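Take a look at the structure set out below.
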């Protein structure tokens, strides 16, 4: 019987997002593809160091052990390497004990064509051009930025994710109004449409999938009154009254559970992120993805009017 991936929360990750391949990428860019191929084949048994997205992927996969009979998460390696050069990545996955079973090595081909067949709700890559093209074509993708977060504290039992709202979870409809009509026009627009659900943004399916995981976790441990949930999510947005009502109604209509919703009204997000300490933060504006925010993987969603 074919394996059914349609009910899984599927995240696709590139080789460079998962492992530190910056030295190898420099060989590719300065010495060409054949030298890169030889280097990777010669070092196939040398395990790669974890990359920027590694802690996030490791924690995401750990959710499968939380409720073993549920197994909600699937991670797909989606690589532009060919099968020969990709062997080093496969060996590194084995060395790290990551539960990644499915992969695609495309020899420089277009990775986007396999996002739908794999039922991907987030494609995480280090390559801006790939991510931008994917988002422009309607796919859920984000660029993990060249920040250096602190080593993941494995003694921390929680898995915290933070999302901007407009242009990430929801469409950029309201941001377009703000750009055209200013703050007063934006507030009037959102007040009048408080009960109208916004259109979905690039990570709509991903945050809904995380909400489904949270519901299963809550149901599974409902008899344990002392249980502290592992998954915790926050929506951190520049919206404030009166525009907050539409965001809250939209999340409710979509069945999205957010443990925290912070409506900051333009106050800097940095101090709030330092308190929430997310393991990953998704935003459509680079100015909010502070390189000094240690311990957080920063993911840029190049979508909408903020990213022409």
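Values quoted throughout were computed directly from the atomic coordinates according to the rules given, and no laboratory measurement underlies them. Nothing here was measured: the structure is a model prediction, and the numbers come from that model. Neighbour counts are summed over all protein chains in view; Cβ atoms, including those assigned to glycine, are modelled from backbone coordinates with ideal geometry.
Of note:
- Here the peptides 30-39, 66-75, 276-285 are ranked by packing, the mean other Cβ count within 10 Å, and the order with the highest first is 276-285, 66-75, 30-39.
- Within segment 159-300, percent of DSSP bridges classed antiparallel, to nearest 5: 5
- When 248, 112 are arranged by Cβ crowding within 10 Å, least crowded first, meaning fewest neighbours, the order is 248, 112.
- The relative contact order of segment 9-143, computed from alpha carbon pairs under 8 Å that lie at least 6 residues apart in sequence, is 32 percent.
- Between helix 54-66 and the chain there is an angle of about 80 degrees, using the helix long axis and the longest principal axis of the Cα atoms.
- Fluctuation leader among 155, 103, 271 - the chain, Gaussian network, Cα springs under 10 angstrom: 155
- Beta bridges per DSSP, both residues in segment 9-143: antiparallel share near 5 percent.
- Computed packing ranks the peptides 222-234, 86-98 as 86-98, 222-234, most packed first, by mean other Cβ atoms within 10 Å.
- The angle between the Cα long axis of helix 173-192 and the longest principal axis of the Cα atoms of the chain comes to about 40 degrees, rounded to the nearest 10.
- In percent, rounded to a whole number, the relative contact order of the chain is 19, using alpha-carbon pairs under 8 Å and six or more apart.
- For the chain, the antiparallel share of DSSP beta bridges with both residues in that region comes to about 10%.
- Folded to 0 to 90 degrees: helix 244-254 orientation relative to the chain principal axis, Cα: 60
- Cα-only Debye scattering, segment 159-300: base-10 log of I(q)/I(0) at q = 0.09, 0.11, 0.17, 0.20 Å⁻¹: -0.28, -0.42, -0.95, -1.24
- Between segment 85-150 and segment 229-290, the Cα center-to-center distance that results, in Å: 25
- Separation of segment 1-76 from segment 201-223 is 23 Å, based on Cα centroids.
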